[in-house]
Amino acid sequence: MSGASAPRGAGLGLWVDAIRRDRKAAMGAVVLAVFAFVGLFGPMLVGDPQALVGIPLQPPTWHHLLGTTGQGQDVLAQLVVGTRISLAIGFGVGLVVVLIGALVGVTAGFYGGRVDGLLSLLFNVFLVIPGLPLAIVIAAYLPSGPMTLALVLIVTGWAWNARVLRAQTLSVRQRDFVAAAIVTGESDLRIITSEILPTMTSLLVAQVIGSTIYAIGAQVGLEFLGLGDVSTVTWGTNLYWAQNDSALLTGAWWTFAPTGLCVALVGFGLSMLNSGFDEITNPRLQLERAWRGHLERRGFKPTRSTPVVPE
């Protein structure tokens with residue numbers, strides 16, 4: 001998503017209306033809403049995901065719509081229950097890493113000087129070290145569990161956000177309205193929260209979405225490698241046990257395909273929402289969409305080579 005900002009002072013109702021009008025954002029929001037509903041209320045309907053309810057590796061039937069695992073557990077129950085923890089970690093990590101990144105990056109960009117030098121050194125150290133290998137090493141030495149994975153992903157994922165927000169803050173700080181606020185004697189906290197951060201709304205949203213995609217994918221990957229608590233039901237541990245039971249070799253696709261599809265659908269929903277926000281907040285994309293719509297109403301079919309604005 002671009003760094004273009006939403007209208008300053010735009011309320012929640014305006015954002016909801018804008019999402020509803022944009023097809024990509026609306027599609028992404030619907031996909032995420034479905035998974036959020038499943039994660040919140042689904043576990044109440046499917047029973048105990050750890051219960052042994054059938055023959056191991058039984059294909060889908062009317063009694064078990066997604067079949068059973070290698071231990072005889074219901075795959076649908078494990079998929080639904082795993083949705084809650086996986087999405088909670090994904091969105092939780094996404095919000096926290098952006099919050100930390102904003103705190104460090106905006107502080108560095110606003111104050112400059114030695115503060116900028118020290119904070120830039122801090123997040124550059126984290127950026128030099130590859131994130132996923134570092135996460136694997138840290139997770140291997142800490143007690144297993146969802147909160148441990150969340151902590152690992154936060155530690156390894158905040159630095160990139162800080163660097164981007166520092167650069168954006170350096171640019172915004174040079175604008176006239178920030179200089180005017182400084183001259184009038186407004187406090188630093190008020191300038192940051194009321195003048196600088198509102199101009200970066202779309203960028204912050206993009207970072208939350210991107211960090212959430214990263215967190216869900218990294219969590220599933222780490223747990224698939226056995227670095228999580230394999231006794232906890234999540235999407236990652238579902239794949240771990242499917243691999244442990246040699247599901248791919250035996251053709252038991254139902255033990256891993258539904259989980260993989262859910263991970264892909266959540267990533268798709270987040271990507272569509274991200275693209276939709278870009279169209280909502282980027283003036284150039286708004287103009288492009290309006291111009292193409294105008295051409296279509298006039299009977300033309302614009303292609304990729306069609307100029308996006310009138311010459």
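What three numbers, in Å, describe the spread of the alpha carbons of the range 212-269 along their principal axes, ordered from the longest?
Extents along the principal axes: 32, 23, 15 Å.
Can you pull the one-decimal nm distance between simple spin-label points at W62 and L122, each 7 Å off the Cα toward Cβ?
Simple spin-label model gives 6.2 nm for this pair.
Quick one: if you stick a label point 7 Å off each Cα along the C-beta vector at R23 and Y111, how many nm between them?
4.9 nm
Under 8 Å for C-alpha pairs, at least 6 residues apart: give me the relative contact order for the chain, rounded to a whole percent.
Once divided by the residue count of the chain, the mean separation gives 29 percent.
List W235, W158 from most exposed to least, where exposure is judged by having the fewest other Cβ atoms within 10 Å.
Starting with the residue having the fewest Cβ neighbours, the order is W158, W235.
Please order V205, V93 by the number of other Cβ within 10 Å, starting at the fewest.
Listed from fewest to most nearby Cβ atoms, that is V205, V93.
Based on other C-beta atoms within 10 Å, arrange V80, V46, V125, V97 from fewest to most.
By the 10 Å Cβ count, ascending, the order reads V125, V46, V80, V97.
Roughly how many debye, to the nearest 20, is the charge dipole of the chain about its Cα centre, given +1 on each Lys and Arg Cβ, -1 on each Asp and Glu Cβ, and no other charges?
Charge dipole, the chain, about its Cα centre: 980 debye, nearest 20.
Between A33 and L151, what is the spin-label point distance in nm, taking each point 7 Å from the Cα along the Cα→C-beta axis?
For A33 paired with L151, the spin-label model returns 3.7 nm.
Packing-wise, with mean Cβ within 10 Å as the measure, how do 16-24, 143-151, 113-121 rank, highest first?
In decreasing order of mean packing, 16-24, 143-151, 113-121 become 143-151, 16-24, 113-121.
Kirkwood hydrodynamic radius (Cα pairs, Å) of the chain?
Every distinct Cα pair counted, the radius reaches 21.9 Å.
Can you compute the FRET efficiency between L99 and I182 using 1/(1 + (r/R0)^6), with r the Cβ-Cβ distance and R0 = 25 Å? Round to the nearest 0.05.
Once the sixth-power term is evaluated, E becomes 0.50.
Given R₀ = 22 Å, what would the calculated FRET efficiency be for L170 paired with I129, taking r from the Cβ atoms and rounding to 0.05?
0.35
Of I191, T232, L40, whose Cα points farthest to the positive end of the dipole of the chain (charges on the beta-carbon: +1 Lys, Arg; -1 Asp, Glu; origin at the Cα centre)?
Checked the options; the winner is I191.
FYI, it's all coordinate maths here, none of it is from the lab. Predicted model only: the values in this text are computed from it and were never measured. Here Cβ is always computed from backbone atoms with ideal geometry, including for glycine, and neighbour counts include all displayed protein chains.
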